[in-house]
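Quick notes on the structure that follows.
Every number in this text was worked out from the coordinates using simple rules, so none of it is lab data. Fair warning: this is a prediction, and the values are worked out from it, not measured in the lab. Using ideal geometry, Cβ is built from the backbone for each residue, glycine included, and neighbour counts are taken over all protein chains shown.
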Amino acid sequence: MFSVSSALRHFSVLGTAFVLANLPVSAQEAHSALGSLPNDFPTANALENNAVIQPLTPDTAGTLTTSDPSLGTSAVAAIPSPTFSDPVLSQPATVGGRDRLTRRERPKSRFELGIRGGVEYNDNIFAEGSDEEEDVLVIVAPTLAVNAGDFRRREGVYLSAAYTATGSTFINNTTDETLDHLLAVEGQLKQKRLTVPFQARLARETGSFLDVNGRDTAQSAGIGIGLDYAINQKLSLGITGEYSMTDYDLFADFESFTTDVYVTRKLSQKAAWSAIYRYNSAEADGADPQKFQAALARVTLDPNSKWTGFAEAGVAFSDLDNGDRTDLIYRLGLAYRPTSKQRFTVEASRRPSTSSFTVGSGFIENGVLVSYERAIGAKARWVVSGGYQVQDYFAADEGVTVDRQEDTFQFSTALAYDLNAHWRAELYYSYLSNDSNEAGLGFDNQRFGLGLNWSY
């Protein structure tokens, strides 16, 4: 039976890019180009995540509150989400016609109902560098998902929607009780050679922030749409547009818009090449817009059932109030599946972003993430991952002075076991260490949790 946790993960990445060689180019590229909406809400421990260049998914413990692991709150009680944001690396293996790691990735029925309960111990609930406060968190999260059309294969017209309400309370800090919401919709229209993927997201999320050593609430909305036209079986071109906004209680509100124009050529059944032009404008309240244009090239290889990889690189030209910048940007990924029960993955990226916390500044983020997944028998799945990232801030507006750098190491592991067709038990541990040159912003955090998920 398909699990609700898989249903939620499904909404964070649209489609299957370049991998299904038997599909027309348009069916492959339309969703790949659209990608996931920009995520303005920071991770569980206040690492900023405002970039429109699709980021790493560092918090692999996943969350109950959101569909994207990079949008975490401290309310965690789930099996890790797919380790990587790029759909290429999350493709199922085809060895023997069965993939035990991703057998639940896509919905199987038109209506799905589920509820998840969890208990988590957190040794630093406010992400403080000193005087850490520990607590135990109890979470309950019901989910309803509705699917229509070709939602199983997602090659033709389809529509999928899911709503999750997450209630959480601390045992000691009872004033920090929260009720968060997430509504995620995605789908695709298709008429002969034209493919139109779309997605939307509406959420209320609560998380811990090192910048204030406390918790904040964000209300966010986003929408994305793409147009892809297959000229023939080997060549396609398209355009995508995405807009998102986030309203923080304590921080500057944030909004961003990005559009991609691309052309893709299928070099063979196992390789594809794309040229991409990207424009982005992002703005936090009280600061001037930060804009950049980028030219990128992307190559994706799928040589056999065991190896999959991609490389995307280019140059971003930023138009800032404090002067222009030129930055190298890239995303690299490689997945290796020795058997249908195992997967090794590594991804690295470099990307610019706009800060919601240090108003009038931006930052360059460099990151790398390594993961190993293994199916244990027919009912259990184990994941372990580790990552390192650096956020190096720069002044974007005139009159702003900033000298801030955040170095973060993350490690997580989780085990899930299917009790039967409807029940799944989950056990996880995560560790995060942040080293900052700003006084009071360094911290360590450990979380350990148990979860029980029912789905129908």
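Okay, here's what the table says:
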| item | result |
| --- | --- |
| Footprinting exposure proxy for T300, T345, T413 (fewest neighbouring C-beta atoms within 10 Å first) | T413, T345, T300 |
| Karplus (6.51, -1.76, 1.60) ³J(HN,Hα), θ = phi - 60°, over the stretch 398-411, in Hz, Gly and Pro reported as x | 4, x, 9, 10, 9, 9, 9, 9, 10, 10, 10, 10, 9, 9 |
| Förster radius 41 Å - calculated FRET efficiency between N437 and Q342 (Cβ-Cβ, nearest 0.05) | 0.55 |
| Amide proton proximity set for E128, modelled H, under 5 Å, gap of 5+ | E133 |
| Cβ-Cβ FRET estimate between F111 and A297, R0 fixed at 41 Å, reported to 0.05 | 0.45 |
| Per-residue ³J(HN,Hα) for the stretch 420-434, Karplus 6.51 cos²θ - 1.76 cosθ + 1.60, θ = phi - 60°, Hz, x for Gly and Pro | 7, 5, 10, 10, 9, 9, 9, 9, 8, 9, 9, 9, 9, 10, 10 |
| Using θ = phi - 60° and Karplus 6.51 cos²θ - 1.76 cosθ + 1.60, couplings along the stretch 368-382 (whole Hz; Gly, Pro as x) | 9, 9, 10, 8, 9, 10, 8, 8, 10, x, 9, 10, 10, 9, 10 |
| Exposure proxy ranking, count of Cβ atoms within 10 Å, fewest first, for S349, S433 | S433, S349 |
| Difference of contour (0.36 nm per residue) and Cα-Cα distance, A161 to D392 | 79.5 nm |
| Full-stretch length increase - D407, W423 - with 0.36 nm per residue and alpha-carbon distance subtracted | 1.9 nm |
| Members of K190/K270; K192/K379; K234/K291 lying beyond 31 Å, as alpha-carbon distances in this model show | K192/K379; K234/K291 |
| Distribution of pairwise C-alpha distances over the stretch 123-212, 5 Å bins, in % | 3, 12, 16, 15, 12, 10, 9, 8, 8, 5, 2, 1, 0 |
| Aspartates and glutamates whose Cα lies under 15 Å from that of K266, excluding same-chain neighbours fewer than 8 positions away | E29, D228, D302 |
| Paramagnetic reach from K306 in the stretch 373-406 [backbone N under 18 Å; point 7 Å along Cα→Cβ] | 373-375 |
| Computed label-point distance, nm, for sites E133 and D247 using a 7 Å Cα→Cβ extension | 2.7 nm |
| Taking R325, R110, R278 and counting other C-beta atoms within 10 Å, the order from fewest to most | R110, R325, R278 |
| Residues in the stretch 288-309 reached by a label modelled at D321 [backbone nitrogen below 20 Å; 7 Å Cα→Cβ] | 288-293 |
| Amide hydrogen neighbours beyond the local backbone of S361, cut-off 5 Å, H modeled | S355, A396 |
| Radius ratio Rg over Rh of the stretch 179-252, counting only Cα atoms, Kirkwood formula for Rh | 1.21 |
